[in-house]
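All remarks here apply to the structure that follows.
The values are calculated or read from the model by the stated rules, or taken from the named source; none is laboratory data. Note that this is a predicted model, so its numbers are computed, not measured. Neighbour counts are summed over all protein chains in view; Cβ atoms, including those assigned to glycine, are modelled from backbone coordinates with ideal geometry. What goes into the accessible areas is simple: the full protein's heavy atoms, side chains included, and nothing from ligands, DNA or RNA. Shrake-Rupley method; radii C 1.70, N 1.55, O 1.52, S 1.80 Å.
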Amino acid sequence: MDVLTADIAALIVDETVKRTQHNINIMNFNGEILASYDKSRIGTRHEGACMVIEEGRTMVFSDTESEDMQGTQAGVNLPIIFQDNIVGVIGITGDPKALEQIADLVKMSTE
């Protein structure tokens with residue numbers, strides 16, 4: 001059974017966007033976008049999320065870095081951990097420096 005479903009991801013995105021005013025994406029363990037405020041991105045591959053899963057850590061991508069990464073925009077991408085396992089990634093789109101204050105709070109709320 002998947003812990004992170006599209007329905008749960010959509011609820012997290014909707015509630016988080018209301019509070020942060022930033023686009024939020026939630027990707028599954030395969031790097032596929034399950035939910036996004038930008039509905040056109042749902043179902044696409046997010047290369048940055050794949051890197052987060054592979055490395056097991058939060059990663060920040062600038063405009064320049066994200067240019068060459070499929071489905072990735074500038075922002076902060078954090079692993080979603082459930083019972084000591086990475087089950088997905090939450091991405092917050094925007095200027096990484098401006099997102100430092102909210103990224104950990106968004107991660108904590110998601111988990």
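Residue count for segment 48-70 under the criterion of being in contact with a helix residue (DSSP H, G or I) (Cβ under 6 Å, 6 or more places away or on another chain) and of a type outside the set (V, I, T): the result is 4.
Kindly evaluate T93 against the criterion of being among the hydroxyl-bearing types (S, T, Y) and under 21 Å from L11 (Cα atoms). Yes: the conditions hold for T93.
For I92, the test of being of a type outside the set (D, E), open to solvent by 60 Å² or more (accessible area, probe 1.4 Å) and not in a helix (DSSP H, G or I) is failed. Residue-level check: of (1) farther than 19 Å from L34 by Cα; (2) open to solvent by less than 20 Å² (accessible area, probe 1.4 Å); (3) among the hydrophobic types (A, V, I, L, M, F, W, C); (4) without any contact (Cβ under 8 Å) to a residue 24 or more places away in the chain, L99 misses just (4).
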